[in-house]
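Right, one structure below, let's go through it.
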Amino acid sequence: MRTQFRVFLALLVAAGVLLPIPANAAPSLLEVQARVRDLEEQATTAAEGAQEAKVQLSKFSPFYLDLP
C-alpha cells in the first residue's frame, strides 16, 4: 500500500514537471496600439453621439440651450 502511494506521488510530481503550464503572455506592442486606436474611435463616436443628443434636446426644450 505504501509503495503504491509513493509510486502515485512520483508520477504526480513527474507529470507536474513534464506537462507545460500555459503561459499568459502579455499583449504585444502592436496589439496594445490597436486596442488604443479602437478605444479612441469608440470615445470619439460616443462624444459625437452625446453632442447630437444635446442638439436634439435643445430643439425640444429651450431651457437646455446652455448645456455644457
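The values are calculated or read from the model by the stated rules, or taken from the named source; none is laboratory data. Please read all numbers here as calculations on a predicted model, not as lab measurements. Backbone-built Cβ (ideal geometry, glycine too); neighbour counts: all protein chains shown.
Test Ala26 against the criterion of being surrounded by 10 or more Cβ atoms within 10 Å (Cβ to Cβ) and modelled with pLDDT of 70 or more, and give yes or no. Taking the combined requirement at face value, the residue does not satisfy it.
Yes or no, residue by residue, for (1) surrounded by fewer than 10 Cβ atoms within 10 Å (Cβ to Cβ); (2) part of a helix (DSSP H, G or I); (3) touching a Leu at 6+ places or on another chain (Cβ under 7 Å); (4) at pLDDT 80 or above:
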{"position": "Pro22", "(1), (2), (3), (4)": "yes, no, no, no"}
{"position": "Glu31", "(1), (2), (3), (4)": "no, yes, no, yes"}
{"position": "Ala34", "(1), (2), (3), (4)": "no, yes, no, yes"}
{"position": "Glu40", "(1), (2), (3), (4)": "no, yes, no, yes"}
{"position": "Glu48", "(1), (2), (3), (4)": "no, yes, no, yes"}
{"position": "Lys54", "(1), (2), (3), (4)": "no, yes, yes, yes"}
{"position": "Pro68", "(1), (2), (3), (4)": "yes, no, no, no"}
